[in-house]
Amino acid sequence: MELLFWTPVLYSRKGFPRDEEGNPFIEGKVIEESITSALIFYHIKKDKLLENQIKKLLMELSPRDVMPMVKKLIFEKYNLHSLLTLPDRIPLIGGKIYKTPVDVMDLQTWDEVDSFIGEVFEGILRIPVESEKLELIMAAGHSYTEALLKMEMELLGDHPLVETFYIPMINEVKKWEIPLRTGWWTVEKFKGNLLFFWRVKEIRERFLREFKLDIRPQKILFLPREGVTAGWAELKKEV
């Protein structure tokens, strides 16, 4: 399959890892984590019993303790442990690597809370994906990425980026085979794994009050030169 990065992807502030010969790569687990985030959101959304179980955990435990339990609950209930097989290293060929300005942007306040020069990749990767449940990953990818786009757009309000990027992107994502949000795209520790609960007032307030943590991935990586936010990708069959 192909992984097409519609907007540039980052790995870390230090750039992409290199192999013994100095060739850049991205770890397969990075792609796997983006698929896991989509599966978590999708299964919570469609399973009311699971939603209530996790809601209870979120009101009692710390975020650090909750996330492993959330994944375990979902993956065991729906037998997802062997859903996907990816290589340890995926060479960054089929595109270009370059350095560009990156802003850490608070979507709600529009503030630039940090900035740096980041190493990004854009292009197409060929990935030997093995899975018998690509239709499930497809449904989860659409559900999750479209929810992320709408959440970010709602936080931005009347920011110009809504018209120039988010509205066109929402229309485009609907046409993609398997949309994903991958790589390093937010500085929030739990990324979008708990996104489903961001509208639940008591959970949102508890996280802010007790852990100084916004359950929403509110601080994201924005590339001002390109006019896009980072990490929007499409997993698709090779043409």
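The values are calculated or read from the model by the stated rules, or taken from the named source; none is laboratory data. Every value quoted in this text rests on a predicted model; they were computed, and no experiment measured them. Glycine also receives a Cβ, built like all others from the backbone with ideal geometry; neighbour counts cover every protein chain displayed. These accessible areas exclude ligands, DNA and RNA; they are computed on the full protein's heavy atoms, side chains included. Shrake-Rupley method; radii C 1.70, N 1.55, O 1.52, S 1.80 Å.
Starting from residues that are closer than 27 Å to residue 3 by Cβ and among the polar types (S, T, N, Q), keep the ones in segment 30-72 and report whichever is surrounded by the fewest Cβ atoms within 10 Å (Cβ to Cβ). Out of the qualifying residues, it is 36.
Taking the criterion of being at pLDDT below 90, among the hydrophobic types (A, V, I, L, M, F, W, C) and over 17 Å from the mean Cα position of the chain (by Cα), would at least one residue in segment 20-32 satisfy it? No, there is no match, as no residue in segment 20-32 is at pLDDT below 90, among the hydrophobic types (A, V, I, L, M, F, W, C) and over 17 Å from the mean Cα position of the chain (by Cα). Candidates are the residues of segment 156-168 that are open to solvent by 20 Å² or more (accessible area, probe 1.4 Å) and in a helix (DSSP H, G or I); the one that is farthest from residue 232 (Cα to Cα) is 160. For segment 99-137, the set of residues classified as of a type in the set (Lys, Arg) and part of a loop (DSSP other than H, G, I, E, B) consists of 133 only. Criterion first (β-branched (Val, Ile, Thr), crowded, with 19+ Cβ neighbours inside 10 Å, modelled with pLDDT under 95 and out of contact with any helix residue (DSSP H, G or I) (no Cβ under 6 Å at 6 or more places or on another chain)) does residue 85 satisfy it? When the stated conditions are applied, residue 85 does not pass them. State all residues of segment 165-206 that are of a type in the set (A, V, I, L, M) and in contact with a helix residue (DSSP H, G or I) (Cβ under 8 Å, 6 or more places away or on another chain); if no residue qualifies, say none. Across segment 165-206, the qualifying residues are 167, 169, 170, 173, 178, 180, 194, 195, 200, 203.
Every condition in (1) open to solvent by less than 40 Å² (accessible area, probe 1.4 Å); (2) out of contact with any helix residue (DSSP H, G or I) (no Cβ under 6 Å at 6 or more places or on another chain); (3) closer than 24 Å to residue 179 by Cα is met by residue 11 except one, and the failing one is (1). Mind checking whether some residue in segment 138-154 is in contact with a helix residue (DSSP H, G or I) (Cβ under 9 Å, 6 or more places away or on another chain), of a type in the set (Val, Ile, Thr) and open to solvent by 50 Å² or more (accessible area, probe 1.4 Å)? So far as segment 138-154 goes, no, none of its residues is in contact with a helix residue (DSSP H, G or I) (Cβ under 9 Å, 6 or more places away or on another chain), of a type in the set (Val, Ile, Thr) and open to solvent by 50 Å² or more (accessible area, probe 1.4 Å). Being more than 18 Å from the chain's Cα centre (by Cα), open to solvent by less than 40 Å² (accessible area, probe 1.4 Å), among the hydroxyl-bearing types (Ser, Thr, Tyr) and within 24 Å of residue 222 (Cβ to Cβ) is a description that applies to residue 100.
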